[in-house]
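Please read the structure below before turning to the comments.
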Amino acid sequence: MVELAAAVLIATGTLFFIAGTVGLLRFPDIFCRLHALTKADGLGLALIALGAALLAGTPGAVFRIVLIWFFVATASATCGHLVARYARQSGAGGGAP
Amino acid sequence: MTDPLMIFDLLLALAIVALAVASLSVRDLFSMIVLFIIFGLLSALAWVRLSAPDVALAEAAIGTGVTGALLLKTLHHLRYVSGTLGQQTALGVTPVAPVPMGIILANAGFCGLITLGLLVAFLGAPATGPGFDALVAEAMPQSGVEHPVTGVLLNFRAYDTLMEVVVLLAAVIAVWQIERGLSDAPAPVMGEVWQGFARLALPAIVVVGTYLLWVGAEAPGGAFQGGAVLAAVGLLLLLTRAYIPQPAHRGVARGAFVLGTAAFALVAILVAGGGRVAFEYPLEHAKTLILLIEGVVTLSIAVTLAALFHGREPVALSEGGRHDT
Amino acid sequence: MTTFLSLTLIALLLSILAGLVRIFRGPEPAERMLAAQLFGTAAVAILLVLSQLMAMPALLDVAMVFALLAAITLVAFVVLASRGVR
């Protein structure tokens, strides 16, 4: 039962990762790609982390998985912001305000 | 039905080779560095698949993180020196004379011979041999730790590890001889999002590095991995110019560089007394000694790697020689 | 379960390898940085699944280090990459 739930979560997470990559390849603009990537990957990782936490044996492992997810979420949000600022200051995206 | 994990391994191996070829043949230097960093990332995954998490940790932290930042800094410096900093030029940062075809062919032949030799050695080796697993497992109770890799690194083959630390020390001595100078470049504007994140993350990274050092006694981890993660904190501080190396801090830096080697060698020599040889830790103190050595070496490695990234001795030069970062 | 997890791994690996296209084609450095971020996050996901598949809790520590170095690499990109003049 738990295994089934974990499998569903991990499968959905993988789908979101694939969606993120498709967005990276197909969207027309750096900012659209950034949007697709950080959001889809963030959600994909959260679902996969949840699935892995369900499968994990010990509370220590669950704690570490939660920590990893928290760090990756904040780091990828911050780095997404930094990349966006960099792209903006390089004059990408047509320079719209 | 083939094991799908085998397909994963095959894909990974192909991807690594393809990335290596790509990073050598791409025209733009920046793409080359990005591809090389990703190559390191996939190599670390390969180590994981080979059931070597210690090596994967070291490869991820040092081979990918520190080396990637180092390459980027080198590219930045090259562009600064050649005055093309504001442009996105391709490979032509400094014109390089083309290599004569004869040399290319000789290199290719040489590499081919080595590959052939490796193949012969690999195929001719016995498929299953005793290996060292049994020997190490037998000797582990006398090493003072539970993790075989740490036991081998810090106890059974401690001379090798001491020499590795000496190599790092020699590297930083050489780098400080070659390049010196200060810089008055302005700090990059990182923004408030970064400030908030850094306040949260940098202490957390220090905790992770210390955890990696501590857990090395029972699980994959240890001095090099912990030191590399702590060096990553140093790198972040240097990159965002939250810390700018000052000439006044050189004494402390030099002390930190030498501390690891000195402590390691001192412990080795001091245990040799009363009928023991160097590095023969007395059994009841083995764990304490190993942890002590690892702690000091971690600190030393962190400061040394950060100094190697910064790349020069912070000395006020009398004439010219201002740097860009 | 293990077969399912292995298939997940293959799917994740393929999706990040597709991101390589963006490194070759992306017209500006920012696109390449983005692809690097994809690799970092996906590698953490792969390691989370592998730690279950190979029954090695140590891989969670490796995942943590991957996450850290991805952050550092991106900061290095943003600070050190030269800006294009338009």
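Just so it is clear, none of the values below were taken in a lab; they were calculated from the coordinates. Since this is a predicted model, take the numbers as computed values, not measurements. So basically every Cβ, Gly included, is an ideal-geometry build from the backbone, and we count neighbours across all protein chains shown.
Over all residues in A:15-24, what is the mean tally of Cβ atoms on other chains that come within 10 Å of each residue's Cβ?
Other-chain Cβ atoms within 10 Å of each residue's Cβ, averaged: 5.
Under a crude label model (7 Å from the Cα following the beta-carbon direction), how far is residue B:74 from residue B:249 in nanometres?
2.5
What does the charge count near residue B:222 come to, summing +1 for each Lys or Arg and -1 for each Asp or Glu among other residues with Cβ under 10 Å from its Cβ?
Neighbourhood net charge equals -2.
Taking 56 Å as R0, compute the FRET efficiency from the Cβ-Cβ separation of residue B:139 and residue A:2 and round it to 0.05.
Between residue B:139 and residue A:2 the formula returns 0.85.
How many angstrom separate the Cα center of region B:1-48 from the Cα center of region B:146-218?
Taking the Cα centre of each part, region B:1-48 and region B:146-218 sit 25 Å apart.
If you take each beta carbon of peptide A:31-40 and count the beta carbons of other chains within 10 angstrom, what is the mean?
What the average comes to for A:31-40 is 3.
Once you treat every alpha carbon in the protein assembly as shown as an equal point and sum by Debye, what is log10 I(q)/I(0) at q = 0.07, 0.09, 0.13 Å⁻¹?
-0.41, -0.69, -1.39
Which cross-chain or sequence-distant (5 or more) residues have an amide H under 5 Å from the amide H of residue B:313, H modelled 1.01 Å from N in plane?
Those lying under 5 Å, H to H, from residue B:313 are B:179, B:180, B:181.
At 222 nm, what value in deg cm²/dmol follows for the protein assembly as shown if DSSP H runs of at least 4 each add -39500 (n - 2.57) and the sum is divided by all its residues, to the nearest 500?
-24500 deg cm²/dmol
At a Förster radius of 35 Å, what calculated FRET efficiency corresponds to the Cβ-Cβ distance of residue A:63 and residue B:258, to the nearest 0.05?
Efficiency, rounded to the nearest 0.05: 0.40.
Once both axes come from the Cα atoms, what is the angle between helix A:30-55 and the longest principal axis of chain A, in degrees from 0 to 90, rounded to 10?
The two axes meet at around 10 degrees.
With everything on Cα atoms, drop me the angle between helix A:59-89 and the longest principal axis of chain A, reported from 0 to 90° to the nearest 10.
Between helix and principal axis, roughly 0 degrees.
Simple spin-label model, 7 Å along Cα-to-Cβ: residue B:82 to residue B:187 in nm?
3.2
Tell me the label-point distance for the pair residue A:15, residue B:20, using the 7 Å Cα-to-Cβ offset, in nm and rounded to one decimal.
In this crude spin-label approximation the distance works out to 3.9 nm.
Would you kindly derive the ³J(HN,Hα) couplings of region C:14-20 from the backbone phi angles with the Karplus curve 6.51 cos²θ - 1.76 cosθ + 1.60 (θ = phi - 60°), listing them in order in whole Hz, with x for Gly and Pro?
Working through the residues one at a time gives 4, 5, 6, 5, 4, x, 4 Hz.
Using Cα centres only, tell me the gap between region B:245-320 and region A:31-84 in whole Å.
36
Taking K and R as +1 and D and E as -1, what net charge do the other residues with C-beta under 13 Å from the C-beta of residue B:313 add up to?
+3
Fewest Cβ neighbours within 10 Å first, please rank B:82, C:15 accordingly.
Listing B:82, C:15 from fewest to most nearby Cβ atoms yields B:82, C:15.
How big is the charge dipole of chain B about its Cα centre, in debye rounded to the nearest 20, if each Lys and Arg gets +1 on its Cβ and each Asp and Glu gets -1 on its Cβ?
860
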